[in-house]
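K.L.:
Mind looking over this structure? Questions follow.
The values are calculated or read from the model by the stated rules, or taken from the named source; none is laboratory data. Predicted model only: the values in this text are computed from it and were never measured. Note: ideal-geometry Cβ built from the backbone for every residue, glycine included; neighbour counts use all protein chains shown. SASA here: full protein model, heavy atoms, side chains in, ligands and nucleic acids out. Shrake-Rupley method; radii C 1.70, N 1.55, O 1.52, S 1.80 Å.
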Amino acid sequence: MLTIKNVSKIYNEGVTYQALKSIDLEIEAGEFVGIMGPSGSGKSTLLNLIGTIDQPTSGAIYLNGKEPAKLKSEELAKFRRNELGFIFQNFNLMPTLTVEENIILPLTLEGEKISVMKKKLKMIAIELGIDSLLKKKIATISGGQAQRVAIARAMIHEPKLILADEPTGNLDTRASADVMELLERLNQQKESTVLMVTHDPVAASYCKKIVFIKDGELVKQLNRQVERDVFYDSILETLREIEGVHHEF
Ligand code: ADP
Ligand code: MG
């Protein structure tokens with residue numbers, strides 16, 4: 001569903017910096033893929049290119065055969081809203097709006113009927129265990145709850161691809177596990193394709209596949225064919241190999 005072909009990214013703001021070097025990556029529908037690597041290795045850059053937030057300097061990215069970089073800005077905005085769901089470390093919710101208002105925001109932008117919106121909202125809120133929070137202001141709920149709301153917002157228009165950048169980065173251990181279990185369940189039951197950047201080996205152990213980036217290059221790939229705790233150990237080992245340091249968690 002997602003093809004990344006010989007993608008390079010050079011930032012050219014003041015100083016020139018090559019953040020990605022000839023990345024080739026193929027992701028099938030329904031996969032749950034983690035992207036790991038040291039800080040500054042290009043993980044967010046790659047996710048931003050896939051998310052059409054930024055464009056590659058060379059190479060191409062295809063999503064279901066379409067090349068979003070070729071779309072005009074209006075079509076691109078629509079493409080982003082319809083085909084992609086974004087989840088961020090800092091939740092990116094509107095703090096003064098309610099949970100409900102935040103979740104239906106993407107549908108409002110699409111001009112969806114109120115009755116349809118209400119129905120979709122109810123379903124997703126129950127599914128994600130946040131139906132009792134709908135009338136609360138974002139500022140009054142916990143981080144774990146906020147990330148569930150952000151996931152609901154990302155899922156409500158049933159995007160083909162969910163892009164998550166450090167979704168557990170601001171959460172404690174318990175809330176992280178909840179969010180990862182939720183993403184795992186959405187991936188399994190709804191067959192949503194999930195692509196997640198994380199530096200947390202516990203969060204990464206929920207993925208079915210992990211690609212490792214170092215200095216803008218894909219250096220290794222791990223497939224999970226084993227129990228999560230065994231996979232966790234091989235993730236730690238790979239991080240030690242790649243980062244050349246001992247990882248304490
Ligand atoms: P990661 O998410 O793996 O920590 P990033 O993709 O954010 O890494 O960044 C990769 C490299 O590109 C870093 O060295 C960073 O400083 C640089 N970089 C990121 N964004 C920009 C930008 N807008 N302009 C210039 N350099 C950037
Ligand atoms: Mg990053």
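K.L.:
Please indicate, with yes or no, whether at least one residue in the range 224-234 is open to solvent by less than 10 Å² (accessible area, probe 1.4 Å) and over 16 Å from the mean Cα position of the chain (by Cα).
P.N.:
Looking through the range 224-234, at least one residue is open to solvent by less than 10 Å² (accessible area, probe 1.4 Å) and over 16 Å from the mean Cα position of the chain (by Cα).
K.L.:
Among the numbered criteria (1) in contact with a Gly (Cβ under 7 Å, 6 or more places away or on another chain); (2) at positive phi, which single criterion is violated by residue 244?
P.N.:
Unmet for residue 244, out of (1) in contact with a Gly (Cβ under 7 Å, 6 or more places away or on another chain); (2) at positive phi: (1).
K.L.:
Within the range 49-62, track down each residue that is surrounded by fewer than 18 Cβ atoms within 10 Å (Cβ to Cβ) and within 16 Å of ligand 2 (Cβ to nearest atom).
P.N.:
Listed by number, the residues that qualify are 53, 54.
K.L.:
Which one of 191, 241 is of a type outside the set (Ser, Thr, Tyr), in a helix (DSSP H, G or I) and open to solvent by 80 Å² or more (accessible area, probe 1.4 Å)?
P.N.:
Only one candidate passes the filter, namely 241.
K.L.:
Show the residue pairs that are 6+ apart or on different chains and have beta-carbon atoms under 9 Å apart, the first residue being within the range 47-59 and among the small types (Gly, Ala, Ser), the second being within 12 Å of ligand 1 (Cβ to nearest atom) and open to solvent by 40 Å² or more (accessible area, probe 1.4 Å).
P.N.:
Short answer, once both residue conditions are applied: 58/10.
K.L.:
Also: For the range 169-187, name all the residues that are in contact (Cβ under 8 Å) with a residue 60 or more places away in the chain and not acidic (Asp, Glu).
P.N.:
169, 170, 183, 187
K.L.:
Has the range 76-91 got any residue that is open to solvent by less than 30 Å² (accessible area, probe 1.4 Å), closer than 19 Å to residue 221 by Cα and touching a residue at least 40 places away in the same chain (Cβ under 8 Å)?
P.N.:
Within the range 76-91, none of the residues are open to solvent by less than 30 Å² (accessible area, probe 1.4 Å), closer than 19 Å to residue 221 by Cα and touching a residue at least 40 places away in the same chain (Cβ under 8 Å).
K.L.:
Could you run through the range 117-147 and say how many residues are outside any loop (DSSP other than H, G, I, E, B) and open to solvent by less than 50 Å² (accessible area, probe 1.4 Å)?
P.N.:
Count: 10.
K.L.:
Here's something else I'd like to know. Restricting to the range 6-36, count the residues that are loosely packed, with under 14 Cβ neighbours inside 10 Å and under 30 Å from residue 188 (Cβ atoms).
P.N.:
4
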